[in-house]
Ligand SMILES: C[S@@+](CC[C@H](N)C(=O)[O-])C[C@H]1O[C@@H](n2cnc3c(N)ncnc32)[C@H](O)[C@@H]1O
C-alpha cells in the first residue's frame with residue numbers, strides 16, 4: 001500500500017529518466033484515471049492510499065508510457081471538440097488541428113437547423129463526423145474507412161457520444177465511394193509524406209497506425225484519389241473541406257481547381273500554417 005503522493009513521485013521520476021518532460025503532469029493524468037479523482041482531490045494526495053491492485057495498474061501505465069505509448073492509448077480516450085472519444089491503436093488519436101474543420105463547417109453553414117447530408121472520408125475514431133452532426137441536429141451523415149477496426153471504434157463512439165440518430169458508419173474506400181448524394185464532404189486523410197517519417201516523434205511512428213498517417217506522392221495521393229472520385233460523382237454546389245499538411249495548400253488548391261471546384265475558404269492553425277481548405281463544386 002502506498003500514498004498517491006509517493007506513487008506520483010516514483011512514477012514521475014521514472015518518466016523523467018526516459019526524457020518525458022511533463023513527467024509529473026502525465027503521472028497525475030494516469031493516477032487520476034485509476035483513482036477516478038479530480039485535480040482538487042489529488043492536492044490532498046498524502047491522504048489518498050492506493051490499493052495493491054491500483055498501484056500495480058499505475059506501474060503498468062508508467063511502463064507503457066516509458067515505452068513512449070501515447071497517454072490517449074493508455075487511457076483509451078481523447079477529448080475532441082465537445083466530447084471525449086474512445087480510442088485504441090487502430091485509430092489515429094484525434095488532434096486539435098482537426099477541430100478547425102469543425103469550426104470551418106460552422107462558419108460556412110451558420111444555420112444549425114439546416115437539413116444536410118454529410119460524409120466523412122477516412123473517419124477513424126469518428127470524431128469529426130460525430131462532432132459535426134452533434135451541431136446540426138436535423139442533418140444526417142455517414143463516416144467511411146478502409147479499416148474494419150476503426151469502424152468498430154467509430155460505432156462505439158457513436159453509441160457513446162452521438163446525439164444524432166441519423167449517423168452511420170461503413171467499411172469503404174474513398175477512391176470509389178459514391179458521393180453524389182452528399183451536400184458536404186469532410187476529410188482528414190493520411191497526408192504525411194512517407195519520406196518524412198524520420199522527422200516524426202517516436203510516440204507517433206511506433207504507436208499510431210501507419211496507414212492513417214502516411215501517404216505516397218509527397219503525402220498528396222489521397223487528396224488526388226478523393227478529388228478524382230468527387231469529380232466522377234459530380235454534384236453542383238457540393239462543399240468539400242480537407243485538413244491539409246504543411247506545404248500542401250497550393251498543390252491541393254490546384255487539384256481542386258483543376259477538377260472544377262472553387263476555393264471558398266482557407267484557415268490557418270495556431271502556428272500560422274494553412275490547415276483547412278474548403279471548396280465548392282461549380
Ligand atoms: C488521418 S486519419 C483521420 C481519422 C479521423 N478522421 C481524425 O480526423 O482523427 C485517416 C483515416 O483514413 C483512413 N483511410 C486511409 N486510406 C483510406 C481509403 N483508401 N479509404 C477510406 N479510408 C482510408 C485510415 O484508416 C484512417 O482512419
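Within the stretch 149-167, does at least one residue satisfy the condition of being part of a strand (DSSP E or B), under 18 Å from residue 241 (Cβ atoms) and away from the ligand (no atom under 11 Å from the Cβ)?
First, pick out the residues of the stretch 149-167 that are part of a strand (DSSP E or B): 167.
With the extra rule that they be under 18 Å from residue 241 (Cβ atoms), the set shrinks to 167.
Within this subset, residues satisfying the condition of being away from the ligand (no atom under 11 Å from the Cβ) are 167.
The answer is yes; a qualifying residue exists.
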Hits in the stretch 172-188 (condition: assigned to a strand (DSSP E or B) and within 9 Å of the ligand (Cβ to nearest atom)): 186, 187
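Criterion first (in contact (Cβ under 8 Å) with a residue 12 or more places away in the chain, within 15 Å of the ligand (Cβ to nearest atom) and assigned by TED's automatic domain parsing to the domain that holds residue 122) does residue 230 satisfy it? Please lay out each step first, then the result.
Working: in contact (Cβ under 8 Å) with a residue 12 or more places away in the chain: yes; within 15 Å of the ligand (Cβ to nearest atom): yes; assigned by TED's automatic domain parsing to the domain that holds residue 122: yes.
Yes, satisfied.
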When you look at residue 220, is it crowded, with 18+ Cβ neighbours inside 10 Å and farther than 17 Å from residue 130 by Cβ, yes or no? yes
Taking the stretch 217-227 as the search range and keeping residues that are more than 20 Å from the chain's Cα centre (by Cα) and away from the ligand (no atom under 11 Å from the Cβ), which one is farthest from residue 276 (Cα to Cα)? 217
Checked the stretch 155-192 for anything within 18 Å of the chain's Cα centre (by Cα) and within 15 Å of residue 223 (Cα to Cα); matches are 174, 185, 186, 187, 188, 189, 190, 191, 192
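For the structure I just gave you, tell me whether residue 211 is under 26 Å from residue 119 (Cβ atoms) and either more than 8 Å from the ligand (Cβ to nearest atom) or crowded, with 17+ Cβ neighbours inside 10 Å (or both). Spell out how you get there, then give the answer.
Numbers: under 26 Å from residue 119 (Cβ atoms): yes; either more than 8 Å from the ligand (Cβ to nearest atom) or crowded, with 17+ Cβ neighbours inside 10 Å (or both): no.
Spelling it out, it is not the case that residue 211 is under 26 Å from residue 119 (Cβ atoms) and either more than 8 Å from the ligand (Cβ to nearest atom) or crowded, with 17+ Cβ neighbours inside 10 Å (or both).
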So, first residue surrounded by 19 or more Cβ atoms within 10 Å (Cβ to Cβ) in the stretch 15-28, second residue assigned to a loop (DSSP other than H, G, I, E, B), Cβ within less than 8 Å, six or more apart or across chains; the pairs are 26/20
What single numbered condition from (1) over 30 Å from residue 75 (Cα atoms); (2) in contact (Cβ under 8 Å) with a residue 40 or more places away in the chain; (3) more than 16 Å from the ligand (Cβ to nearest atom) fails to hold for residue 206? (1)
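Here's a check for you: in the stretch 106-133, which residue that is within 24 Å of residue 177 (Cα to Cα) and away from the ligand (no atom under 13 Å from the Cβ) is surrounded by the most Cβ atoms within 10 Å (Cβ to Cβ)? Step through it out loud before you land on a result.
First pass over the stretch 106-133, keeping only residues within 24 Å of residue 177 (Cα to Cα): 115-133.
Going one step further and asking which of them are away from the ligand (no atom under 13 Å from the Cβ), we end up with 115-117, 133.
Values: 115: 12, 116: 18, 117: 15, 133: 26.
Per the criteria, the residue is 133.
Would you mind listing the strands (runs of 3 or more DSSP E) fully within the stretch 33-144 where at least 1 residues are touching a residue at least 60 places away in the same chain (Cβ under 8 Å)?
Numbers: elements: 78-80, 83-85, 117-121.
By residue number, 83-85, 117-121.
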Checking residue 43 against (1) crowded, with 18+ Cβ neighbours inside 10 Å; (2) not assigned by TED's automatic domain parsing to the domain that holds residue 179, the condition it does not meet: (1)
Quick test of your reading of the structure: residue 146 fulfils all but one of (1) within 9 Å of the ligand (Cβ to nearest atom); (2) not assigned by TED's automatic domain parsing to the domain that holds residue 224. Name the failing condition by number. (2)
For the stretch 10-23, give me the residue count where each residue is on the phi < 0 side of the Ramachandran plot and either modelled with pLDDT under 95 or outside any helix (DSSP H, G or I) (or both). 4
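The values are calculated or read from the model by the stated rules, or taken from the named source; none is laboratory data. These numbers were taken from a predicted model, which means no experiment stands behind them. Glycine gets a Cβ as well: all are built from the backbone with ideal geometry, and neighbour counts include every protein chain shown.
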